[in-house]
Structure formats: C-alpha cells, structure tokens
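The structure appears right after this line, and notes come after that.
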Amino acid sequence: MSLEDPDIEDIRLLARGDAAAASRLVLRHSDRLMAVAYRMTGTRSAAEDIVQEAFIRMMRQAADWQEGKALFSTWLHRVTVNLCYDRLRKASTRYEQAAGDDLPEQMADDPGADAVLEARERGLAVRAALDRLPERQKMAIVLCHYEELSNHEAAEAMDISIEALESLLARARRLMRKDMKLAAALADG
Amino acid sequence: MKTHTELEPEDRQLIAAIARDRADDPAPPLGEAAMARIMAQLPDAAAPAGAREERSAAAPAWQRKGLSAITGFFRPPAWQAFAAAGVAGIIAGAVLPSVSPVGEGVTPEEQFAIYLQSDDILATLLEEDL
C-alpha cells in the first residue's frame, strides 16, 4: 500500500539533521498531540512530558522511517497514545488541578460568574465521567469525540480494528451517560 | 467520527456536552520550554544514518566485540560481582575456620583425630625427623 504522506519531505530532511524540518513537524503536529495527551492526563505538565517524548522518538525514528507503510502522523499519534497509557498506569493525577482550583475572588460579584460556574460544573461532570472510563474506552472518546478523528484514523492510532473501536465507543458512551445521570440525580437529591 | 446519524439522541447530547467542554477548556499549546527541550535533542537524535554507520564501522567487528568485553568487565556490575566473590573467599578462608565447633565439648580422642588431620602433624613429624 502506498500512501501520500504530507510530512514525507520534512521527514527526509530531518533524517539528514535539518533543524528547520524538525521545527516544522513539531509545529504542525504539537497542538493535536497536546490535545490528546491533555485530555488523557488532565494536566499540562504531564501532557508536555508525553508530547516531548513523542517528538524525541520522532527524531530518532526519522532516519529509519519506511516510506509508504503508514502515515507519519498516524505513527506519531500511536506513540502518543502508548505514552499516555504508560503515564496513566504510573500515576492517577488527572484533573486534580481543574477540580482543586478556586474561582478568583473578584469573580464573586461578577454577573457572568454564574455562567462560568455552570460551564465549569458541566465540564467537570463530563470530565469526571470521562476519567472514570477504562483507559482504552477513554482514548476512543478522546480521539473520536474530543479530537474528531475519523474512526479509521482513531483505530489506526490505537492499533485496533474499526469494529473494536466502535465497540469501545459504544460502551464508553453508555458508561458516561449512566455516570452523568447518576451524578445529576445525586446533585438534585 | 464525523456522522452522528446512526447515534441515539442521548449519544448526540453527550457528544454535544463534550464539544462544549472542549470549547470551555481548550487544550494548552506546547510550551516554549518544552519546544526548546525537543529541539535540543536534534543533533544527537537525528544524526544522519550515514554518519551513524560510519561511526559503527570505524573498527572491525571482532575488535569492537573484544573491546566491549574488556570495557564490560570494568562496569559496576562486574566489579560488584568481583568484590562479592572476594568477600565470600575471605569469609570461607578466615572467618569460618575460627568459629568451627572444635574446642567445646570435644573429647580428647576427637581432638587427637582433628590434630591428625591438620597441617600441624606434618610440622611435628618434620621436627621429630630432624
């Protein structure tokens, strides 16, 4: 299978030690990788560690890259996905910062504060449900619904079949809905 | 996951909630410090393949293997094993004989038997011959 990879020229240049090509690749992919790592770990520092490691691996891999086997961006996502799994297995520090932060004092009298609080509560409910998912289900939700990758792209990044991905997604959505309903019922009651 | 036509209404509500969460809490960009750390890896990490081959082909294989065996011996694990063997030798040679049970509760006959087995008998016999 031959694929037209938009990154291929920069990978060839990077393999020859071209710093500008490395910089272009990092700028082109870092936002997406940061988003995946941030949603999975919940903290900026953990996400940066993961993305940094993914790009360092990119630099090591560039010279041995086999063109046409896979898109470079897919490989980069796969590395990031695996680094996220490693990180989650080592520590559970997700969303501690978001949950522990207090609103600034000047916001107390601000008429928009209610809306901010509501948005935060709504977001925390979604994220709490997301965080309680098993890691593969969580990854499927992050890739498909947060980052809007196609099922094909997400399955490739997770190194699973599309059928397996769809099954993970269906189970994850069901669990999240149930969790959020329960949380809402507890809050009302 | 672009088409949500086959999704249940509850799933669509969940996906809408996720989209709102993403808008309320956008993922941060990669910081400049992290970017600098990545770029600092460039000279070593992305050294051209040709250069790496040249470096590894600088000495013949047998020589590289021999050198690595010698340098491997001087690495900490080898030294630790060497030191451990030395300590075990000292214990076996000096400490254990001195704490052997000979002396207490040993009959004169047993002491004589031990004496016959020791090196002292050789010295005694030599003295007698002289």
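The values are calculated or read from the model by the stated rules, or taken from the named source; none is laboratory data. Note that the structure is a prediction, hence the values are computed from the model and not measured. Neighbour counts are summed over all protein chains in view; Cβ atoms, including those assigned to glycine, are modelled from backbone coordinates with ideal geometry. Ligands, DNA and RNA are stripped out before the accessible areas are found, and what is left, the full protein with its side chains, is counted by its heavy atoms. Shrake-Rupley method; radii C 1.70, N 1.55, O 1.52, S 1.80 Å.
Observations on the structure shown:
- Residue count for segment A:15-30, restricted to those that are within 15 Å of A:Ala54 (Cα to Cα) and surrounded by 20 or more Cβ atoms within 10 Å (Cβ to Cβ): 5.
- Test: A:Ile141 is within 12 Å of chain B (Cβ to nearest Cβ), over 15 Å from A:Thr74 (Cα atoms) and among the β-branched types (Val, Ile, Thr): yes
- When segment A:128-140 is limited to residues that are open to solvent by 20 Å² or more (accessible area, probe 1.4 Å) and over 13 Å from the mean Cα position of the chain (by Cα), the one that is farthest from A:Leu88 (Cα to Cα) turns out to be A:Ala128.
- Matching residues, segment A:33-70, being facing chain B (nearest Cβ under 9 Å) and in a loop (DSSP other than H, G, I, E, B): A:Ala63, A:Asp64
- Residues satisfying the stated conditions in segment A:141-181, i.e. closer than 25 Å to B:Ala23 by Cβ, among the polar types (S, T, N, Q) and surrounded by fewer than 18 Cβ atoms within 10 Å (Cβ to Cβ): A:Ser150
- Test: residue in segment A:163-170 that is in contact with an Asp or Glu (Cβ under 9 Å, 6 or more places away or on another chain), of a type in the set (D, E, K, R) and part of a helix (DSSP H, G or I): no
- Check on B:Lys65, at the interface with another protein chain (Cβ under 8 Å from one of its Cβ atoms), at pLDDT below 50 and open to solvent by 60 Å² or more (accessible area, probe 1.4 Å): no
- Residue match in segment A:8-27 (condition: within 17 Å of the chain's Cα centre (by Cα), in a helix (DSSP H, G or I), of a type outside the set (Phe, Trp, Tyr) and outside the structural domain of A:Ile160 (by TED's automatic domain parsing)): yes
- Single residue of segment A:31-44 satisfying the filter (in contact with a helix residue (DSSP H, G or I) (Cβ under 9 Å, 6 or more places away or on another chain) and either of a type in the set (Lys, Arg) or open to solvent by 30 Å² or more (accessible area, probe 1.4 Å) (or both)) that is nearest to A:Glu153 (Cα to Cα): A:Arg32
- Number of positions in segment A:75-95 that are at pLDDT below 95 and among the β-branched types (Val, Ile, Thr): 1
- Residues within segment B:23-40 that are buried (at least 18 other Cβ atoms within 10 Å of the Cβ) and either in a loop (DSSP other than H, G, I, E, B) or more than 7 Å from chain A (Cβ to nearest Cβ) (or both), tallied: 3
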